[in-house]
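Data block below; observations after.
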Amino acid sequence: MAVIEGVMGYYDGTGDDGFGSSSYEIAVKTDTPVLLIVNGGGCSASVLAVMKGFKELVCDSMIAGFIINNVTEMTYRYIKKLAAKYFGRNMIAGYIPKLPKECLLSSRHLGLVTAGEIDNIDDIISKTVDIIRPCIDIDMITDMAGSINNPYMPGDSGSYEKAAAGGGTHSSHSDSSDGMPVIAIARDDAFCFYYQDNLEMLQSLGCTVEYFSPLADEPVPEYASGLIIGGGYPENHLEALAANKITSESVRKCIESGMPCIAECGGFMYLGRCIDGKNMTGLLDVESSNTGHLVRFGYVTVTADRDTLLLKKGQSIKAHEFHYYDSSDNGAACTASKTNGRSWQCIHAENNIFAGYPHMHFASNMGAAEKFVRSCGEYKRLKMR
Ligand SMILES: C/C1=C2N=C(/C=C3N=C(/C(C)=C4\N[C@@](C)([C@@H]5N=C1[C@](C)(CCC(=O)O)[C@H]5CC(=O)O)[C@@](C)(CC(=O)O)[C@@H]4CCC(=O)O)[C@@](C)(CC(=O)O)[C@@H]\3CCC(=O)O)C(C)(C)[C@@H]/2CCC(=O)O
Ligand SMILES: Nc1ncnc2c1ncn2[C@@H]1O[C@H](COP(=O)(O)OP(=O)(O)OP(=O)(O)O)[C@@H](O)[C@H]1O
Ligand SMILES: NC(=O)CC[C@H](N)C(=O)O
């Protein structure tokens with residue numbers, strides 16, 4: 001079994017093409033049965049109307065079953081009995097009771113507080129499992145999952161399994177003398193927004209991915225010939241990032257020596273002169289500050305208006321913007337456009353840098369990842385001369 005992550009409500013997506021990019025569309029494309037969790041709090045039989053609406057909005061909703069959230073056992077039994085009548089079969093695989101405070105995960109701007117920042121996350125999960133486990137019909141769920149032969153599930157050669165086993169995900173003593181480039185990834189509580197896909201794609205192109213932590217004042221790993229600084233919450237760690245000179249000097253030295261660098265959103269802000277007045281690396285002449293509201297949000301297509309590290313003029317890549325901060329200069333090497341027709345300039349493409357607010361998704365243009373890896377390879381060869 002695998003859990004496929006979706007966003008917001010089941011049919012919520014870009015809205016441009018039916019239910020474009022929604023969890024529903026992903027279920028259809030991957031031929032995956034769906035177990036929909038519906039909120040039953042504050043109502044009883046009315047939740048059946050919600051379930052029926054979700055199930056019958058389209059002719060094949062892919063919904064194989066439901067779990068009712070936020071109800072008592074008594075209400076659950078009542079709904080389950082009624083559901084058999086209205087759906088003609090048992091489609092409810094259990095319920096989730098009202099959870100105690102200590103099981104709840106907190107949110108902040110941009111969504112949930114990330115798991116890596118919650119010290120007792122394992123305890124919270126175990127406690128939640130202990131509560132939920134007796135309320136869920138696992139056999140029924142296994143039957144739903146076992147009834148399909150999904151070609152997208154990782155098999156023996158699945159990259160996800162390899163990654164989980166540590167196959168190239170992290171290597172502390174990478175070979176720098178031959179082979180493919182080592183890509184350094186800044187990763188900690190300040191820089192935590194990465195598409196796992198992107199990292200695996202770099203690995204599938206032969207690169208080794210190595211992590212370092214700006215919050216722990218670590219330098220860019222010695223053997224690296226490419227650098228990625230992802231998004232996240234640098235604004236929550238300004239004192240440390242401003243004080244951590246080993247990282248900032250190392251990032252500066254690498255980039256000034258020509259190392260190809262992608263910096264996205266929070267990572268882009270870190271390459272600037274300052275965030276909310278606190279000094280950062282100063283590699284870009286940019287100041288970033290909190291606007292107090294969502295500045296840009298949603299899926300975009302980023303098209304290059306001139307040649308850049310990732311895209312040649314005219315080429316595009318799909319990306320995503322999600323930020324409260326804004327900068328004095330967001331770059332103008334590319335144009336980001338939404339399906340609703342809105343567009344704006346973005347991306348600093350000075351020499352070896354590709355930096356700006358969009359988070360790029362390589363699977364939408366593998367050529368961009370290949371171009372980045374080629375540049376890292378060239379940098380590596382130059383360095384070895
Ligand atoms: C159309 C909207 C979309 N939201 C998506 C996915 C996610 N949204 C998250 C969160 C936490 C928020 N989304 C809102 C911005 C909310 N989302 C919308 C709106 C309905 C309209 C946005 C727009 O047209 O510009 C919007 C509500 C609104 O009336 O503005 C948010 C404000 C909802 C709320 O809490 O009230 C909220 C932002 C919170 C904040 O300000 O910090 C998710 C994180 C939820 C999740 O994880 O399930 C998620 C983010 C996923 C991601 O990283 O992409 C859609 C379904 C993708 C869609 C956007 C489509 C698009 O424009 O491209
Ligand atoms: N069974 C439960 N017991 C107690 N609180 C709950 C339960 N289910 C949800 N909540 C709380 O209700 C709020 C909204 O829950 P909901 O399930 O709508 O979240 P969500 O779908 O993750 O929201 P979002 O659309 O923001 O991603 C959250 O604060 C969550 O902690
Ligand atoms: N997507 C990001 O990296 C977000 C950066 C920053 N936390 C902001 O809200 O602007």
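The values are calculated or read from the model by the stated rules, or taken from the named source; none is laboratory data. Note that the structure is a prediction, hence the values are computed from the model and not measured. Virtual Cβ from ideal backbone geometry, glycine too; neighbours counted across all protein chains shown. The area values use the complete protein model at the heavy-atom level, side chains included, leaving out ligands, DNA and RNA. Shrake-Rupley method; radii C 1.70, N 1.55, O 1.52, S 1.80 Å.
Computed values, structure above
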read-out: Residue within segment 168-176 that is in contact with a helix residue (DSSP H, G or I) (Cβ under 7 Å, 6 or more places away or on another chain), surrounded by fewer than 18 Cβ atoms within 10 Å (Cβ to Cβ) and at pLDDT below 95 present; value: yes
read-out: Whichever residue in segment 85-138 is closer than 26 Å to Val34 by Cα, among the charged types (D, E, K, R) and modelled with pLDDT under 95 and, among such residues, is most open to solvent (accessible area, probe 1.4 Å); value: Lys85
read-out: Listing of strands (runs of 3 or more DSSP E) fully contained in segment 180-281 that carry 2 or more residues being more than 16 Å from ligand 1 (Cβ to nearest atom); value: 182-186, 208-212, 224-229, 261-264
read-out: Residue in segment 7-29 that is open to solvent by 40 Å² or more (accessible area, probe 1.4 Å) and within 16 Å of ligand 3 (Cβ to nearest atom) present; value: yes
read-out: Residue in segment 370-378 that is acidic (Asp, Glu), open to solvent by 30 Å² or more (accessible area, probe 1.4 Å) and either in contact with a Pro (Cβ under 8 Å, 6 or more places away or on another chain) or away from ligand 1 (no atom under 13 Å from the Cβ) (or both) present; value: yes
read-out: From the options Met51, Met62, residue that is farther than 20 Å from Gly146 by Cβ and away from ligand 1 (no atom under 16 Å from the Cβ); value: Met51
read-out: Residues that are more than 23 Å from the chain's Cα centre (by Cα) and under 18 Å from Tyr324 (Cβ atoms), drawn from segment 292-307; value: none
read-out: Residues that are buried (at least 18 other Cβ atoms within 10 Å of the Cβ) and closer than 10 Å to Ile79 by Cβ, drawn from segment 39-65; value: Gly40, Val47, Leu48, Met51
read-out: Number of positions in segment 73-84 that are among the aliphatic types (A, V, I, L, M) and open to solvent by 70 Å² or more (accessible area, probe 1.4 Å); value: 1
read-out: Restricting segment 203-253 to residues that are under 12 Å from Met280 (Cβ atoms) and of a type in the set (A, V, I, L, M, F, W, C), the residue that is nearest to the chain's Cα centre (by Cα); value: Ile229
read-out: Segment 273-304, subset surrounded by 22 or more Cβ atoms within 10 Å (Cβ to Cβ) and closer than 19 Å to Met360 by Cα, residue farthest from ligand 2 (Cβ to nearest atom); value: Ala304
